[in-house]
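Structure first, then comments.
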Amino acid sequence: MFQKEIATNRFTLVIVSIFAAIVWVMHEFIAQDEESHNLFSLTLIGGFLLCALAVYLMAELNNRFALLRISSRMLSSSLVMLCAATSMLHHLSPSHLMLICAVASYFPMFASYQRPYATTRIFLEFLFVGLASYLFPQVLYLIPFYWIVQAMLRAMTFRSWVASLLGIITPYWFLVTYAYITNDLQLFTDHFNDIITVEMPSYSMLSLKQIMVGAFSLVFFLLGSWDFYQKKHFDKTRIRCNYYAVSLLGAVSFVWLLLQPQYFNLIIPFCLVHTSMLGGHFIALSYGKVQNIITIILTVLVTVLSFM
């Protein structure tokens, strides 16, 4: 079966990585402004390397916490294909910090499972959230849901809650220090005005490519979520709790994207991370004729999106 072959083949990640590199180069060559073609631009190389770092972290996350019952690289391979299809990630931007922080936060989160004194781990988890909010303050909206996740993982205590607050505010000490040194405290207050300012959704700002990437990611996420909840009894309790956390934060990320589409480029990295985890779980562990056909369709669609 096509699905089982790509899920268990050790060369799948290598092949999709080569494909992604080709897509990166191709998009640079078909840029509208021919004078902008520069395969050695720092933004192009930086974007590729940071996406590669996110993929590596996803592979390590799977290895460390055994998120799949079989030997498979589908979580990281799915993230590679989604990054290739998301052309706004091809050049260095704040979106890459969102992508890396979203993946990195899962290491201390999963490690805190059933650890009532996992204050260090929870501090690190929320430190990544704080770092992401440093460039995009609206990330702070996710904090209550991260607290809910910690309760789901049975690691939420008063001490861990305090550790989470310390993790969130740690990056802001640098902002406060800089604002104090430059005698520009308005820099600090302006940073948080974006949080209390409510903006109406503006879908007119989205391009056709953004709409298609968002729709594909949502369908892939919902498909992976539905399949996981149908067959969750095959996973161990710890793995089920991990995927409960992923499905909750993923659902919140997509709702966030629908409510604030004008920030598509900054929100979509969170969606891609959760989609790759649940979508990869579906492709790696759900076999059958229908699933095989769905996998083929998904592969064709993400390939078409990558070349658009």
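Structure values in brief
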item	result
Hits in the range 268-308 (condition: within 27 Å of Leu135 (Cα to Cα) and without any contact (Cβ under 8 Å) to a residue 24 or more places away in the chain)	none
The range 117-142, subset surrounded by fewer than 19 Cβ atoms within 10 Å (Cβ to Cβ) and closer than 18 Å to Arg159 by Cα, residue modelled with the lowest pLDDT	Tyr117
Ile148 being closer than 24 Å to Met212 by Cα, modelled with pLDDT of 90 or more and either within 14 Å of the chain's Cα centre (by Cα) or not in a loop (DSSP other than H, G, I, E, B) (or both)	no
Residue match in the range 277-286 (condition: closer than 19 Å to Ala52 by Cβ, part of a helix (DSSP H, G or I) and in contact with a helix residue (DSSP H, G or I) (Cβ under 8 Å, 6 or more places away or on another chain))	yes
Answer residue from the range 213-271, given it is in contact with a Pro (Cβ under 7 Å, 6 or more places away or on another chain) and part of a helix (DSSP H, G or I) and is farthest from Val55 (Cα to Cα) among those	Leu259
Any hit, the range 113-129, residues being among the aliphatic types (A, V, I, L, M) and touching a Pro at 6+ places or on another chain (Cβ under 6 Å)	yes
Where a residue in the range 146-162 is at positive phi and its partner, wherever it lies, is assigned to a loop (DSSP other than H, G, I, E, B), with Cβ under 6 Å and at least six apart	Arg154/Gln114
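The values are calculated or read from the model by the stated rules, or taken from the named source; none is laboratory data. Please read all numbers here as calculations on a predicted model, not as lab measurements. Reconstructed Cβ throughout: ideal geometry from the backbone, glycine too, with neighbour counts over all protein chains shown.
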